[in-house]
Structure formats: C-alpha cells, structure tokens
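*Asks:* One structure, as structure tokens, below. Some questions next.
The values are calculated or read from the model by the stated rules, or taken from the named source; none is laboratory data. From a predicted model like this one, the values you see are computed outputs, not experimental measurements. Using ideal geometry, Cβ is built from the backbone for each residue, glycine included, and neighbour counts are taken over all protein chains shown.
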C-alpha cells in the first residue's frame, strides 16, 4: 500500500535532477563518474595523482548540509537504529560497495544512465536485498 | 585548478540535491524498501530525476569521447557480471536495508553532526580500508604465485 502522506514525488524528482546535474558537471568537465563509494574508496587507498578531485568532491558533499543550514532549516532526520547496528551496517556498506564496484550513485544513477548491464544487475541485487532485510526486520522478527 | 573546483562544486550540488530529495532521512529510504508495509516510492523518483539528466550527459560524453576540456573520459572498462559484483552488491544491500543509509547520505548525515551518521561513516571507512588491505594482499599473493615456475608448469 502506498504511503501517500510521506510520498513526495515533486521534491524527490527535483532533487534527483539536481543530483543528475552534479553528475553531468563532474563527467563533462573532469571526465569522472560521480560514484560516491568509488570516490571515497580512492581516497582511502591513498592513490597518488588523483587525490585532489576526490578530496574536492567529498569536501563539497560535506559542505552541502552547512550551506543548506545557512539558507534555511535542514529537513528532519529519523535514525532509530542502535549504534551497534549502524556500525555493522557501515562495515557491510563499506566492504560491499568496494567489492561490488559501486553504490546507489555509481551503479544506480551513473551506471543506469549509461545503460551498463553490470550496474543494472548490481542495482536490482542491492535493492532486492535491501527489501528482503527490511521485510525480515519489520515483518517477520517483530 | 578548474578540475578540483568543478569537483568541489559538483559535490556541493550533489549534496544539496540529496538533501532536497529527502534521501538523507534514513526513515524515508527504509520506507522505500518496505514494499510489504506502508510504501513510499519517492526514492524511485529521485533515481528517475537523476537519470533523466544523467542519460544525456553520458550519451554526450560517449559521443565526444572527451570532456569539454578535451581531456579523456574515465569510464569503467569491466563488462562482465562476476561473482565480486554479485556478492558485493548483496552485502551492500544488507547494510543498506539494516539502516537505510548509503555512502552519499552517510557523509551528509555525518557532516550535519548526527551521531548515528558519524558512527555509520567511520564504520564504512573502516570497511573500505579492510577491502583495500585484502585487495593488496590478494594482488601480492597472486604476483608471487605467478612468478613461481612450478605454477606455470601446472597450467
């Protein structure tokens, strides 16, 4: 059943288009893919030579909530998960996105935009797995 | 100087888009993944919005083969669907489904000072570091094996 009260198609689509613009800007000027896990992964690896653009992109991303807060109020955030689960999930996301060569941005946005079969497979898999985990946590454990 | 500046601007715009889209609220992402409960399809509209622009950007980049600065475009070369892609994506989906946070929103949440976001980000960075160590180990192992004449004969 669709949650009509929470469903925000207009801001979701507009926000998505802005993400698309950021992706286009990075691609057409620097020739790089805006895949967040790949960009951070490259920073963690401390690869020589292509550190600057990665660090700059991540800095921009980290500045975004500050700029937003300067202009208005940040939308409310609800995190109900315990710190232990957040840490376990963080580990899984860190290792998984690096083995799978991408996350929601690298595969879900950039990969699907360039019609990459690998990204289509990856996106379907992480979405189905995410849905299965939510199903187990919300509908069969409780 | 233009490249780091563009990357900074792109990261900033990307982050603002994420915040506007609502995807920095883990509860909203979990509602998207909760297809059996009260379902919030917003995330699908975020992806459609992003792809509606991204599709043309990637098509232009492929046609030109170069950036607007005439530098090369770095597109992934791998084409085959392998076990690493499958298992990695499944593991990522597990973590994503547990908390509703993926790397981009994780960074934004941490930067806006949410303790939960900081915990997630530190663990994610640790995970990436572990991956990097394992990869380096694996590569040096296979290099050593490759050099051993016994291994070559067996092939």
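*Asks:* So residue B:105 fits all but one of (1) in a helix (DSSP H, G or I); (2) more than 7 Å from chain A (Cβ to nearest Cβ); (3) farther than 19 Å from residue A:100 by Cα; what number is the exception?
*Replies:* (3)
*Asks:* Does the stretch B:71-84 include one or more residues that are at the interface with chain A (Cβ under 7 Å from one of its Cβ atoms), farther than 30 Å from residue B:40 by Cβ and assigned to a helix (DSSP H, G or I)?
*Replies:* yes
*Asks:* In this structure, is residue B:52 in a helix (DSSP H, G or I), within 29 Å of residue B:114 (Cα to Cα) and within 7 Å of another protein chain (Cβ to nearest Cβ)?
*Replies:* Spelling it out, it is not the case that residue B:52 is in a helix (DSSP H, G or I), within 29 Å of residue B:114 (Cα to Cα) and within 7 Å of another protein chain (Cβ to nearest Cβ).
*Asks:* Also, quick follow-up: Condition first: over 27 Å from residue A:11 (Cβ atoms), facing chain B (nearest Cβ under 7 Å) and touching a helix residue (DSSP H, G or I) at 6+ places or on another chain (Cβ under 6 Å). Can you find one or more residues in the stretch A:61-78 that meet it?
*Replies:* Checking the stretch A:61-78: not a single residue is over 27 Å from residue A:11 (Cβ atoms), facing chain B (nearest Cβ under 7 Å) and touching a helix residue (DSSP H, G or I) at 6+ places or on another chain (Cβ under 6 Å).
*Asks:* Which residue out of A:106, A:102, A:41 is at the interface with chain B (Cβ under 7 Å from one of its Cβ atoms), within 16 Å of the chain's Cα centre (by Cα) and under 29 Å from residue B:60 (Cβ atoms)?
*Replies:* Residue meeting the stated conditions: A:41.
*Asks:* Continuing with the same structure: Being crowded, with 21+ Cβ neighbours inside 10 Å, at pLDDT 95 or above and part of a loop (DSSP other than H, G, I, E, B) is the requirement here; does residue B:23 meet it?
*Replies:* In short, yes.
*Asks:* Have a look at A:52, A:22, A:12 and point out the one that is buried (at least 23 other Cβ atoms within 10 Å of the Cβ), facing chain B (nearest Cβ under 7 Å) and under 20 Å from residue B:3 (Cα atoms).
*Replies:* Answer to the selection: A:22.
*Asks:* Another one. Regarding residue B:147, is this residue surrounded by fewer than 20 Cβ atoms within 10 Å (Cβ to Cβ), modelled with pLDDT under 90 and either more than 17 Å from the chain's Cα centre (by Cα) or within 9 Å of another protein chain (Cβ to nearest Cβ) (or both)?
*Replies:* Here the answer is yes, as residue B:147 does meet what is asked.
*Asks:* How many residues does the stretch B:29-42 contain that are facing another protein chain (nearest Cβ under 7 Å) and either surrounded by fewer than 21 Cβ atoms within 10 Å (Cβ to Cβ) or closer than 20 Å to residue A:20 by Cβ (or both)?
*Replies:* 7
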